[in-house]
Amino acid sequence: MHIGTTGQRNLLLVPIIKNETLKNTNMLLRHTSSEVIERKALTINPAKTCQPIGAMYAALGVRGCLPHSHGSQGCCSYHRSALTRHYKEPVMASTSSFTEGTSVFGGQANMLQAIETIFSVYDPDIVAVHTTCLSETIGDDLNQILQKARENGIVPKGKHVLHCHTPSYVGSHVTGYSNMVMGLVSYFAQNTGIPNYQVNLISGWVEPCDMREIKRIAKKLQSNTIMFPDTSGILDGPLTGKFEMHPKGGATIPELISAGDAKFTIGLGQFATEEAAKKLEYKCKVKYDITDIPIGLQATDRFITMLSRYANVKVPQSLTNERGRLIDVIADMQKYFYGKRVALFGDPDWLIPLTEFLVMLEMKPVYIVSGTPGKAFDIRMKDILGEKVPEAKFKNGEVADMFLLHQWIKQEKVDLLIGNTYGKYIARDEDIPFVRFGFPIMDRIGHSYFPTVGYHGGIRILEKILSVLMDRTDRDAPEAKFELVM
Ligand code: SF4
């Protein structure tokens, strides 16, 4: 506070300014009002990001694959840095480096030059091209451009170039992920007519450690499975002192090809995987089913039951014991969860099972937003919340943004906020305990290493929620009620 030379009059004003204005100036989102005005064409602080970021992440889940951004350098830099900041690993990707001239004459020349340079300098097995707003607006015909590259011999023998469309003015990063997975299926999966009796697992957008955990569960079931995309071993690799341009993790080309001979496909997360599963059925006649990402007790139960049924295997006692441990923690700590009001934001594929899990804990998920469009969100949320939390408000799509979530919170406060790093502004202004979950998390670590899927992951979620709730209880407790044992 600057009092300066204005003297006595301002000194008298200090207490008033302190109470009202000063508090407001410390609030970064102080202009958010509680009054909600219906909006059609304006998004404020979106609860989503660019389509190409999802395409890039999915492409990184294939061994020897270099994501390529067909657009300007700025897009590629942003997408790489978004992934690098979250995964704390250097994310490799190339770009067609559009200039003003490219914007007028199209990106074919840049694309052909890029493919030649990429294979001669970086030697990947696959180049996975995704578009950007600019190349989509120009209308570059990637089918034709890549065909020309193959005919001109720019793509070396045994190497692959595939593509998907990711215009960022529709959908979200989840749509981009879905489009790239579909691109992988379209390009690689083959039905040779010789069944391999495997079950394909198409992973939704989860952390590398989650993908590793899903594979561990599948292995415990002794099921014959492959999984793609799979970023474990690529975006959570060990520090060895030696740089590897193409780490040894991820789904392999033979695995992707073999997906076409599988007996069944399970997609984990409707928004990120259903289109690819459909494509695989259409192309190779492999039937599919979709279940939620196994977050929380019920979704993990459903995943394990589904996999054991389609792989025709029994659930081992060791997995039943893992389940029992999760239930034990819930039983021990239930009183801390009961009745707590929660606001959540992020991607629909993890919001749906997480909301279901919170309801099972007898918490009250009252406000939920997701920037990713799709009717299934509304249907699932109504189903999960309808009877149990009738007062809940939920919305997805363009105007389901962080601003709206904040306005709802201002109308009636919550006890807990769950979402990515961008939630920290609301958490700070409204003084709400905050659990970081989803993408991106740029200001903490741990998300890449400690899974939140499966029964073990369920315990991790409970631990994270309990920690912030108990910290709040400790912080707010008067001396007489400050407990040592909780
Ligand atoms: S919104 Fe479009 S132009 Fe902007 S970074 Fe994303 S892809 Fe590039």
### Task
Would you please name the residue that is farthest from Ile384 (Cα to Cα), looking only at residues in the range 299-343 that are polar (S, T, N, Q) and touching a helix residue (DSSP H, G or I) at 6+ places or on another chain (Cβ under 8 Å)?
Ser318
### Task
Return a yes/no flag: does the range 196-215 have any residue that is assigned to a helix (DSSP H, G or I) and without any contact (Cβ under 8 Å) to a residue 60 or more places away in the chain.
yes
### Query
When you go through (1) in a helix (DSSP H, G or I); (2) surrounded by 15 or more Cβ atoms within 10 Å (Cβ to Cβ) one by one for Leu344, which number turns out not to apply?
(1)
### Query
When the residues of the range 124-153 are filtered to those that are free of Cβ contacts under 8 Å to residues at least 40 places away in the same chain and more than 23 Å from Ser168 (Cβ to Cβ), which remaining residue is surrounded by the most Cβ atoms within 10 Å (Cβ to Cβ)?
Ala149
### Query
Out of (1) touching a residue at least 12 places away in the same chain (Cβ under 8 Å); (2) more than 16 Å from Gly250 (Cβ to Cβ); (3) not assigned by TED's automatic domain parsing to the domain that holds Leu280, what's the single condition that is false for Tyr177?
(2)
### Query
Would it be correct to say that Arg80 is within 13 Å of the ligand (Cβ to nearest atom), in the same structural domain as Asp140 (by TED's automatic domain parsing), on the phi < 0 side of the Ramachandran plot and basic (Lys, Arg)?
yes
### Message
Which pairs turn up if I take residues in the range 311-332 that are farther than 16 Å from Ile465 by Cβ and look for partners that are exposed (fewer than 11 other Cβ atoms within 10 Å of the Cβ) and at pLDDT 95 or above with beta carbon separation below 7 Å, at least 6 apart in sequence or on another chain?
### Response
none
### Task
Would you mind telling me which numbered condition in (1) among the small types (Gly, Ala, Ser); (2) crowded, with 24+ Cβ neighbours inside 10 Å; (3) modelled with pLDDT under 95 Gly241 fails?
(2)
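Looking for whichever is among the hydroxyl-bearing types (Ser, Thr, Tyr), buried (at least 23 other Cβ atoms within 10 Å of the Cβ) and not assigned by TED's automatic domain parsing to the domain that holds Arg436 here; the options are Thr231, Thr192. Which one fits?
Just one listed residue meets the conditions, Thr231.
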### Query
Name the residues in the range 133-158 that are under 14 Å from Asn110 (Cα atoms) and in a loop (DSSP other than H, G, I, E, B), would you?
Asp140, Asp141, Ile154
### Summary
Subset of the range 1-55, residues at pLDDT 85 or above and more than 28 Å from the chain's Cα centre (by Cα), comes to Arg30, His31, Ser33, Ser34, Glu35, Ile37
### Task
Might you check whether a residue that is among the hydrophobic types (A, V, I, L, M, F, W, C), more than 13 Å from the ligand (Cβ to nearest atom) and free of Cβ contacts under 8 Å to residues at least 60 places away in the same chain occurs anywhere in the range 85-105?
yes
### Task
Would you check which residues across the range 361-393 are in a helix (DSSP H, G or I) and surrounded by fewer than 21 Cβ atoms within 10 Å (Cβ to Cβ) and list them?
Lys375, Ala376, Asp378, Ile379, Arg380, Lys382, Asp383
### Task
Please state which one of Leu417, Leu405 is crowded, with 21+ Cβ neighbours inside 10 Å and either touching a His at 6+ places or on another chain (Cβ under 6 Å) or in a helix (DSSP H, G or I) (or both).
Leu405
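The values are calculated or read from the model by the stated rules, or taken from the named source; none is laboratory data. These figures come from a predicted structure and were not determined experimentally. No Cβ is skipped: glycine too gets one built from the backbone with ideal geometry, and neighbour counts run over all protein chains shown.
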